[in-house]
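K.L.:
Starting off with a structure, shown below.
Just so you know, all these numbers are worked out from the coordinates, no wet-lab data involved. What you see is a predicted model, and the numbers here were worked out from it, not measured in a lab. When we count neighbours, we look across all protein chains shown, and the Cβ atoms used for this are built from the backbone with ideal geometry, even at glycine.
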Amino acid sequence: MNAKADTICAIATPPGRGGVGVIRLSGPDSLSIAERISGSLPPARTASLRAFRDDAGREIDRGLVLLFPGPASFTGEDVVEFQAHGSPVVLELLTAACLAAGARRAGPGEFSQRAFLNERMDLAQAEAVADLIAANTEKAARAAQRSLEGEFSRRVDGLAQALTELRVWIEAALDFPDEDVDFLADGDVLSRVEALRGQLAELLHRADGGRLLNDGIHIAIIGPPNAGKSSLLNALSRRDSAIVTETPGTTRDVLRETISIAGLSITLSDTAGLRETRDHIEAEGVRRARREMRSADLVFWVIDASVPEPLPPPGLPTDVPLIRIHNKIDLAGHPAKSEQRSVWLSAATGDGLDLLEQLVIAELGLADSGDSEFSARQRHVDQLQCALDRVDHGVAELTASGSGELLAEDLREAAEALGEITGRISADELLGRIFSSFCIGK
Ligand code: GDP
Ligand code: ZN
């Protein structure tokens with residue numbers, strides 16, 4: 001599939017200094033290039049100490065050389081790894097020696113792209129490699145690992161196959177109509193499509209959870225001044241010290257902080273108070289708060305439980321779930337509790353914060369996924385949604401007009417939409433976009 005490939009090389013370890021730095025080569029000339037640099041080659045998959053020399057025979061460093069002959073390598077091609085000392089100078093000299101021996105510098109994601117083109121992994125798995133590297137929490141890393149293992153791809157492929165089988169069956173039935181049985185009317189087709197629809201909807205739901213794990217979750221905190229928004233942000237970020245990073249806000253009015261709740265990476269943004277105003281500067285803050293809310297996965301509406309409850313602020317997005325947080329229960333004399341989408345807590349004492357965390361997990365649909373999540377991307381969610389829409393369309397067509405042909409066509413399109421997830425069906429332009437976002441050396 002990738003017959004005319006040249007040999008690429010890249011530093012596979014992160015920039016900077018470290019104990020060890022790795023150079024990776026992949027392509028038809030990997031072994032001969034390695035031979036020029038390290039002399040005699042060791043047996044496959046056996047680390048051996050060698051002196052690395054440049055074109056003029058000068059020793060650059062000593063380290064380990066490892067051969068992974070294709071096709072049983074990461075890329076499916078002959079792969080060589082040099083493990084040298086992790087000095088940027090040494091690694092650059094080694095790279096120069098590889099280039100002088102005929103290799104070319106790899107572009108971002110080019111190793112993974114070759115692995116995909118040589119069918120060592122499908123597209124969703126290749127994306128999971130990048131997602132594993134980018135993971136910020138243990139949960140996200142485990143989910144990416146599961147996708148890398150093919151858990152998500154197997155489900156997608158299984159559904160694509162089931163959709164295709166049903167389509168072929170319908171087409172065969174249309175070609176050879178049985179005079180006695182109207183197969184479309186006897187309910188069997190409809191129940192089979194609906195069973196597949198249910199599986200598709202479930203996979204979509206889980207993929208959406210996987211996308212949240214991957215991208216991280218964005219929560220916008222809104223509410224009147226002095227309700228305790230900033231205190232809540234501080235209380236939540238102190239509580240789970242696993243990962244707390246200051247993300248500089250894009251504006252002075254929005255403060256962002258990334259925290260971890262139950263192993264999930266969550267970015268909280270504390271926005272300017274939301275209320276109608278004639279003050280121009282404040283109006284700008286309100287506009288930004290609204291924008292923040294619209295792009296959020298969840299909104300926290302914080303109110304002071306010790307004063308009369310204010311009216312909901314105008315401009316709340318209807319498509320983003322909202323949790324109403326009654327803060328300052330220590331002043332109000334309420335016990336901590338949660339019900340539906342409301343929670344009573346105190347940012348000052350920490351009482352009730354655990355209830356809020358549980359509510360967040362439940363609201364995002366991540367409550368009972370246990371340890372079986374896989375990572376996914378927005379692209380995958382969109383394709384699943386597209387497949388689901390096609391199936392719904394086909395069912396509507398079948399019920400309205402009894403048209404098996406139209407249903408078959410919709411099932412074909414649904415299976416194709418799924419095929420784009422794993423790259424069984426993929427446009428060059430899509431591949432370019434996906435792999436160019438990878439880091440070099442992957
Ligand atoms: P924001 O304007 O909504 O960000 O509110 P702040 O977080 O700045 O809090 C306003 C005031 O309320 C501060 O004096 C906080 O110390 C106080 N406050 C916040 N949360 C609580 C709480 O749970 N209990 C009590 N007693 N005071 C709180
Ligand atoms: Zn504040």
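K.L.:
Taking the Cα centre of the chain as origin and charging only Cβ (+1 Lys, Arg; -1 Asp, Glu), how large is the dipole, in debye to the nearest 20? Mind dumping the intermediate values first?
P.N.:
Values: 46 positive and 68 negative charges, 505 e Å.
Charge dipole of the chain: 2420 debye, to the nearest 20.
K.L.:
Once label points are set 7 Å from the Cα along Cα→Cβ at both residue 119 and residue 363, what is their separation, rounded to one decimal in nm?
P.N.:
In this crude spin-label approximation the distance works out to 4.7 nm.
K.L.:
Taking θ = phi - 60°, what integer Hz values does the Karplus form 6.51 cos²θ - 1.76 cosθ + 1.60 yield along the range 263-268, in sequence order, with x for Gly and Pro?
P.N.:
The phi angles translate into x, 9, 7, 10, 9, 9 Hz.
K.L.:
Further, regarding this structure: Residues with amide H under 5 Å of residue 375's amide H, sequence separation 5 or more or different chain, H placed in the peptide plane at 1.01 Å from N; which?
P.N.:
Hits under the 5 Å cutoff: 144, 146, 147.
K.L.:
Along Cα→Cβ, 7 Å out, is where each label goes; now give me the distance between the ones at residue 424 and residue 174 in nm to one decimal.
P.N.:
The two pseudo-label positions are separated by 2.0 nm.
K.L.:
Still on this structure: State, to one decimal in nm, how far the label point of residue 318 lies from the label point of residue 406, with both points 7 Å from Cα in the Cβ direction.
P.N.:
2.8
K.L.:
If you take the beta carbon distance between residue 100 and residue 295 as r and set R0 to 41 Å, what does 1/(1 + (r/R0)^6) give as a FRET efficiency, to the nearest 0.05? Kindly include the intermediate steps, with their values, before the conclusion.
P.N.:
Numbers: r = 49 Å, r/R0 = 1.19.
That pair, residue 100 with residue 295, gives E of 0.25.
K.L.:
Determine the gain in length on full extension of the stretch residue 339-residue 201; use 0.36 nm per residue of separation and subtract their C-alpha separation, reporting nm with one decimal. All intermediate terms of the calculation are to be shown ahead of the outcome.
P.N.:
Working: separation 138, 0.36 × 138 = 49.68 nm, distance 2.73 nm.
The span from residue 339 to residue 201 would gain 46.9 nm if fully extended.
K.L.:
Taking amide hydrogens as modeled 1.01 Å from N in the peptide plane, which residues meet the under 5 Å criterion relative to residue 70, leaving out close sequence neighbours?
P.N.:
Those qualifying (amide H under 5 Å, at least 5 residues apart or on another chain) are 78, 79.
K.L.:
Something else: Counting pairs on different chains as well as pairs 8 or more places apart, how many Lys pairs in the chain have Cα atoms under 24 Å apart? Working shown, then result.
P.N.:
Values: 4/442; 139/442; 229/328; 229/337; 328/337.
Value for the chain: 5.
K.L.:
Using 18 Å as the cut-off for backbone N distance, which residues of the range 97-114 belong to the label zone defined by a point 7 Å from the Cα of residue 35 along Cα→Cβ?
P.N.:
So the set is 98-103.
K.L.:
Using 0.36 nm times the number of residues separating residue 55 and residue 72, minus their current alpha carbon distance, what extension gain do you get? Spell out each step's value before the answer.
P.N.:
On the way: separation 17, 0.36 × 17 = 6.12 nm, distance 2.97 nm.
Separation in residues times 0.36 nm, less the Cα-Cα distance, equals 3.2 nm.
K.L.:
For residue 45 and residue 348 in one chain, what is 0.36 nm times their gap in residues minus the Cα-Cα distance, to one decimal in nm?
P.N.:
Details: separation 303, 0.36 × 303 = 109.08 nm, distance 5.74 nm.
Once the chain is fully extended between residue 45 and residue 348, it gains 103.3 nm.
K.L.:
Might you list the cysteines of the chain that have no disulfide-compatible partner by the rule of another cysteine's Cβ under 4.7 Å?
P.N.:
Here 386, 439 come out as lacking a disulfide-compatible partner, given the Cβ-Cβ threshold of under 4.7 Å.
K.L.:
With runs of 4+ DSSP H residues as the only contributors, calculate the mean residue ellipticity of the chain at 222 nm using -39,500 (n - 2.57) per run, divided by the residue total and rounded to the nearest 500.
P.N.:
Working: 14 runs with 198 residues, N = 442.
-14500 deg cm²/dmol, from helical runs alone.
K.L.:
Would you grab the residues whose amide H sits under 5 Å from the one on residue 13? Only those 5+ places off in sequence or on another chain, please, with H modelled 1.01 Å from N.
P.N.:
HN-HN under 5 Å from residue 13: 22.
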